[in-house]
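Some notes on the structure that comes next.
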Amino acid sequence: MKLLIPQEMCPSDVRRALLSVYSSGRIPHALILEGSTGQTLTLAKWLAQAAVCRSEEERPCGHCPGCIKAQAGSHPDILTFGGGEASRSFHKEDIENLRRDAYICPNEAENRVFILENSQNLSAQAQNALLKILEEPPASVQFLLTCDRASSLLSTVRSRSQIYTLEETQQPQDDGLAEKMALAVCSPKESTLLYLTAPLVKDRLKLRAVLEHLLQICRDALILRCGGTEMISGCADTAQTLAQALTRTQLYQITQLVREMHSRTERNANTTLLATDLCAQLRQAAGH
Ligand SMILES: [Zn+2]
């Protein structure tokens, strides 16, 4: 198929890779589109439209009956699942419904396309159910998974898909939040830490970035407390304050705690619970 993709829709390396794979005719059964929700969903819808377009030339043509229905969101061979914002809100039952649909022949187009939106929110059971379909995919079916980070998916799911990363830099800035949180840990006022973590409740990527930086600061403070000097966080003053305010045991516990919280973000934990736990446990470890 001769695919048409506007240049602004994805980074040039992804665009080149997609054009090449589509023109070779070896279009994978499953594509994972990694990046921000808006960007990945736009590309997924575009590829779905290309899959149902009837043009003999470049697809999607934008004016055949297939394209018009796809654009209107009413094409019977483009099915969308998922889309919930909460982690693990994409259940096994959804995949079982999808499975029933996947074995039905296309209605109008040559292919059926399943868009799995926010697939980072697939529960582990749902991913295992999906894996069974990916292992023996029905003919003429394509799965387009959008997600903020492909590493949220099981490696078995990833290995049966082609992954395209739409953002060069996925790590959001921590906006100095890690430093403020480190200082708040030593503060006698509990509300400061709660106030700082509030915006992270709905932003897992930012929470992860903040925890990564906070881990470096805690590590630096521990090093200072043990007489070392080599800093990696870029926040020597904050690390110094922490090192003076807390004992070595407390710093060690806090470092372990932040490391554990960071790994929980990797495992797709509920961010609201995580941010709340983080506040309570940091305060406790700091002796408040
Ligand atoms: Zn068309």
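Computed from the coordinates by the stated procedures, all read-outs in this text should not be read as laboratory data. All values derive from a computational prediction rather than experimental measurement. Ideal geometry is used to build each Cβ from the backbone, glycine not excepted, and the neighbour counts take in all protein chains shown.
Between beta-carbons, use under 12 Å as the cut-off and find the net charge around residue 182, counting Lys and Arg +1, Asp and Glu -1.
Numbers: positive: 180, 219; negative: 174, 179, 220, 237.
It works out to a net charge of -2.
Gain on full extension, evaluated as 0.36 nm per residue between residue 267 and residue 173 minus their Cα-Cα distance, stands at 31.8 nm. Along the axis of the charge dipole computed for the chain (Cβ charges of +1 for Lys and Arg, -1 for Asp and Glu, origin at the Cα centre), the listed residues 276, 109, 5 are led at the positive end by 276. Nearest 10 degrees is fine. How inclined is helix 204-225 to the longest principal axis of the chain, computing both from alpha carbons? Once rounded, one gets 30 degrees.
Would you please state the base-10 log of I(q)/I(0) at q = 0.09, 0.11, 0.19 1/Å for segment 7-165, with intensities from the Debye formula using one equal scatterer on every alpha carbon? At q = 0.09, 0.11, 0.19 Å⁻¹ the computed log10 ratios are -0.26, -0.39, -1.26.
So if each residue of separation counts as 0.36 nm, and I subtract the Cα-Cα distance between residue 249 and residue 93, what length gain in nm does that give?
On the way: separation 156, 0.36 × 156 = 56.16 nm, distance 4.63 nm.
Working it through step by step, the gained length comes to 51.5 nm.
Start at zero, step by 5 Å, and the Cα-Cα distances of segment 224-288 spread as 4, 15, 23, 23, 17, 12, 5, 1 percent across the bins. Based on DSSP H segments of at least four residues, each scored -39500 (n - 2.57), the chain has a per-residue ellipticity at 222 nm of -16000 deg cm²/dmol. Tell me whether segment 95-207 comes out rounded, prolate or oblate; compute the Cα gyration tensor, take square roots of the eigenvalues as a ≥ b ≥ c, and use a/c under 1.5 as the rounded threshold. Note, shape of segment 95-207 comes out prolate.
Maximal additional length on extending the residue 156-residue 288 stretch stands at 43.2 nm, based on 0.36 nm per residue less the C-alpha distance.
Just need the relative contact order of segment 58-215 here, percent rounded to a whole number, with Cα pairs under 8 Å and 6+ apart.
Details: 179 pairs, mean separation 28.6, N = 158.
RCO, segment 58-215: 18 percent.
On a per residue basis, the convex hull of the C-alpha atoms belonging to the chain measures out at 138 Å³.
Considering every pair of different Cα atoms, what Kirkwood radius, in Å, is found for segment 1-52? Provide the component values of the computation, followed by the final result.
Numbers: mean 1/r = 0.0882 Å⁻¹.
Taking every pair of different Cα atoms in segment 1-52, averaging 1/r and inverting gives 11.3 Å.
For the chain, a Gaussian network of Cα nodes joined below 10 Å ranks 42, 249, 265 by mean-square fluctuation, and the top entry is 249. When only alpha carbons are used to place a centre, segment 245-278 and segment 158-229 end up 10 Å from one another.
Between 83, 73, 38, the GNM of the chain built on Cα springs shorter than 10 angstrom shows 38 fluctuating the most.
Taking Lys and Arg as +1 and Asp and Glu as -1, the other residues whose beta-carbon sits under 10 Å from that of residue 52 total +1. In µm²/s, what is D for segment 31-78 at 20 °C and 1.002 mPa s, where D = kT/(6 pi eta Rh) by Stokes-Einstein and Rh is the Kirkwood radius from Cα pairs? In µm²/s, the coefficient is 196.
Comparing 233, 55, 191 in a Gaussian network model of the chain (Cα springs below 10 Å), the most mobile by mean-square fluctuation is 191. Over the chain, Cα pairs under 8 Å with separation of 6+ residues give a relative contact order of 18 percent. Placing +1 on each Lys and Arg Cβ and -1 on each Asp and Glu Cβ, with no other charges, gives segment 177-285 a dipole about its Cα centre of roughly 220 debye. Summing Lys and Arg as +1 and Asp and Glu as -1 over all other residues whose Cβ lies under 13 Å from the Cβ of residue 43 gives a net charge of -2. When the Cα positions of 42, 133, 17 are compared along the charge dipole of segment 7-165, 133 comes out farthest toward the positive end, with charges on each C-beta of Lys, Arg, Asp and Glu.
Suppose every Lys and Arg Cβ carries +1 and every Asp and Glu Cβ carries -1, with no other charges. What dipole size does the chain come out with about its Cα centre, to the nearest 20 debye? Before the final figure, lay out each step's value.
Working: 30 positive and 32 negative charges, 99 e Å.
The calculated dipole for the chain is roughly 480 debye.
For segment 145-288, the orientation-averaged shadow of the C-alpha convex hull comes to 9.3 nm² (one quarter of the hull surface).
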